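Beneath this line is the structure, given in structure tokens, with notes to follow.
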Amino acid sequence: LADRLQNTMAKIRGKGKVSEADVKEMMREVRLALLEADVNFKVVKDFIKRVSERAVGQEVMKSLTPGQQVIKVVKEELTILMGGEQSKIAVSNRPPTVIMMVGLQGAGKTTTTGKLANLLRKKYNRTPLLVAADIYRPAAIKQLETLGKQISMPVFSLGDQVSPVEIAKQAIAHAKEQHHDYVIIDTAGRLHIDENLMDELQQVKEISKPDEIFLVVDAMTGQDAVNVAGSFNEQLGLTGVVLTKLDGDTRGGAALSIRAVTNTPIKFVGLGEKLDALEAFHPERMASRILGMGDVLSLIEKAQTNVDADKAKELEQKMRTMSFTFDDFLDQLSQVRSMGPLDELIGMLPGANKVKGLKNVQVDEKQISHVEAIIKSMTTKEKEQPELMNASRKKRIAKGSGTSVQEVNRLLKQFEEMKKMMKQMTNMTKGKKKGGMKF
Ligand code: GDP
Ligand code: MG
């Protein structure tokens, strides 16, 4: 999907003027790309209609070329299609918050149960209890217990001779007693949706009164995942979807259709087998990736129009040799500001979506003036050797820039991350020319 859309976008990007025929032609391509990616037919139809209306009818913004404008509309609509805002995970005001994991066999329920517990503890400082309520699949209980051990988290189980309903009931009582703030129930799946499964899940739902019912679906199954989501939603009323195996899905059709078809938000995505490979789902970021904002070409294009060519070259050299200092950072910041929102620009760098810690690098536009003030309050030496920074220097800089030590610390951290990221990216681009944006 990404490849095809990127080609289309590349064609239109440079256009100074976009006629109605251009938009039509482009929409034909986008339509094909979406259908090829196994996006639901009706979703595609509605999508194209909305984009066409907006793209043809709208007034042209001064800062963007009409080509860019069309891309902006496509991106915005893709974001809306996937739910717009990032959704949050529920917090019950009467703990524990109960999360029920449901889905077909092999979708990744048990793995995701472990990943979610890990995330809840690491990111939100919670103390979840894992519940082994799949009594059918051989070794399912053992699997969860093993995962629990790996992340040192308690797993509640009553063996495979007690009904899932009873397990859920006792688990919640146990969680209350032990002051667990979250309970994550790993339920059984089947190869196909059947009545017995749904009956049982409904009973578990009744007894455990979950705050969240997460459907776990395999992204690689494409349109099937969307159908499965539809059925589960009808019968159980889902609060969210976890899309797993996105690391292996190059088409992205499921991500685009699920929200539109089931009206249930994707809350998390699984990006690998490891227990830290779970991330919150960000519709806007996903839309950028799909559109190939991760395309080096577009970055160069932008850079050519906005950044002094010599400076860009110098910067590239610095990135390669890693002699990048705060002065360069400042310099780059002001150049980059004339190009557009920072997070989009970072997203454009090749390999950016593969680099961990990218979130920390994102700079809020509003914070930029603070960042500038902080850097300007540094001495030349400090700018070149941030490792010199100690408590008293930080205090002085905070005072001089009218910010706080906290902000100074944050910037230092961001700068470190950015350096690391650049290093990783230059390594990647050296390896292969195209950044292999897989969605
Ligand atoms: P369940 O039957 O729904 O409980 O599925 P499991 O949790 O047992 O997972 C089935 C398989 O999918 C296991 O081999 C997992 O390691 C694998 N898996 C789960 N999530 C992901 C993911 O996000 N990416 C990849 N590559 N594999 C995954
Ligand atoms: Mg399982």
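The values are calculated or read from the model by the stated rules, or taken from the named source; none is laboratory data. Note that the structure is predicted; figures quoted are calculated from it, not measured. As a convention, Cβ positions derive from the backbone with ideal geometry for all residues, glycine included, and neighbour counts pool all protein chains shown. Surface accessibility is based on the protein's heavy atoms, side chains included, excluding ligands, DNA and RNA. Shrake-Rupley method; radii C 1.70, N 1.55, O 1.52, S 1.80 Å.
Structure values in brief
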{"quantity": "Percent breakdown of C-alpha pair distances by 5 Å bin, ordered from the shortest bin, for region 72-132", "calculated": "4, 13, 19, 18, 15, 15, 10, 5, 1, 0"}
{"quantity": "Along principal axes, Cα extents of region 86-196, largest first, whole Å", "calculated": "34, 33, 28"}
{"quantity": "Apportionment of accessible area to carbon and sulfur, region 215-279, percent (1.4 Å)", "calculated": "43"}
{"quantity": "Pairwise FRET efficiency - A21 versus T146, Cβ, R0 = 51 Å, nearest 0.05", "calculated": "0.30"}
{"quantity": "Gyration tensor over alpha-carbon atoms, region 125-278, equivalent ellipsoid semi-axes in Å", "calculated": "26, 18, 15"}
{"quantity": "Within the accessible area of region 89-133 (1.4 Å probe), percent carbon and sulfur", "calculated": "46"}
{"quantity": "Mean accessible surface per residue for region 76-232, computed with a 1.4 Å probe while every protein chain stays in place, in Å²", "calculated": "46"}
{"quantity": "Largest to smallest principal axis extent of the C-alpha atoms in region 195-246, angstrom", "calculated": "32, 23, 14"}
